[in-house]
Ligand code: S3P
């Protein structure tokens with residue numbers, strides 16, 4: 001079984017994913033790391049040299065490749081936006097949307113070197129957050145409140161997936 005964590009940049013997919021995998025004693029894969037390893041370049045370099053559409057194709061390829069694996073996969077913030085990617089993920093497991101308000105994401109990503117952050121203003125990113133939220137919701141099989149600590153988010157995910165009760 002595979003759990004795909006999706007949500008906006010800065011919602012905590014990687015931190016929470018790693019903790020969740022530890023808790024479940026299963027593999028953890030960070031999709032962005034996988035793409036960087038495959039491309040032999042960082043994500044900012046891929047965007048700069050080849051542009052966003054090329055990156056999105058690498059992302060689809062990564063979703064296909066990783067469908068052979070089980071465990072927890074933290075997706076890039078755009079990875080579950082293409083229908084084809086989400087369909088592959090759904091066939092392979094659960095897609096959990098990490099629900100975090102924009103202002104929390106913004107606080108974490110504002111100074112980062114993420115290409116999407118660098119080329120947009122705060123207001124544009126907030127609009128993007130709301131546009132994407134609808135698509136994340138459409139594709140997610142489950143939604144977990146991840147607005148508190150990573151530990152609380154892990155419990156919340158286990159709870160929504162029916163893998164652990166809230167009291168545990
Ligand atoms: C992106 C999010 C990034 C990374 C790339 C594009 C996006 O991942 O995949 O910079 O379009 O939201 P994180 O969500 O892990 O920052």
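Maximal additional length on extending the residue 42-residue 15 stretch stands at 7.8 nm, based on 0.36 nm per residue less the C-alpha distance. Projecting label points 7 angstrom from Cα along Cα→Cβ for residue 61 and residue 130 puts them 3.7 nm apart. Here the scattering of the chain is modelled by Debye summation over its C-alpha atoms, one equal scatterer each and no solvent; at q = 0.10, 0.17, 0.20 Å⁻¹ the log10 of I(q)/I(0) is -0.34, -1.03, -1.44. Rg and Dmax of the stretch 117-168, both derived from C-alpha coordinates alone, stand at 14.6, 43 Å. Each label was represented as a point 7 Å from its Cα along the Cα-to-Cβ direction; for residue 152 and residue 50 these points are 4.0 nm apart.
Which order, highest average first, do 69-79, 87-97, 2-12, 30-40 follow once you tally other Cβ atoms within 10 Å for each residue and take the mean per peptide? Display every interim value, and only then the final one.
Details: 69-79: 22.6, 87-97: 18.7, 2-12: 25.2, 30-40: 16.9.
The packing order, highest mean first, is 2-12, 69-79, 87-97, 30-40.
Using mean Cβ contacts within 10 Å as the protection proxy, how do 124-133, 152-161 order, highest first?
Working: 124-133: 15.5, 152-161: 20.4.
Taking the mean over residues of other Cβ atoms within 10 Å, the ranking is 152-161, 124-133.
The ranking of 13, 138 by Cβ neighbour count inside 10 Å, starting from the fewest, reads 138, 13. When 1, 80 are sorted by how many other C-beta atoms sit within 10 angstrom of their C-beta, beginning with the fewest, the order is 1, 80. Which FRET efficiency value, to the nearest 0.05, do you get for residue 123 and residue 25 by plugging their Cβ-Cβ distance into 1/(1 + (r/R0)^6) with R0 = 41 Å? Computed FRET efficiency for residue 123 and residue 25 comes out at 0.45. For the chain, relative contact order (Cα pairs under 8 Å, six or more residues apart, normalised by length) works out to 32 percent.
The numbers here are math on the coordinates, done by the rules we state, and not lab data. From a predicted model like this one, the values you see are computed outputs, not experimental measurements. In this analysis, Cβ positions are derived from the backbone assuming ideal geometry, glycine residues included, and neighbour counts consider all displayed protein chains.
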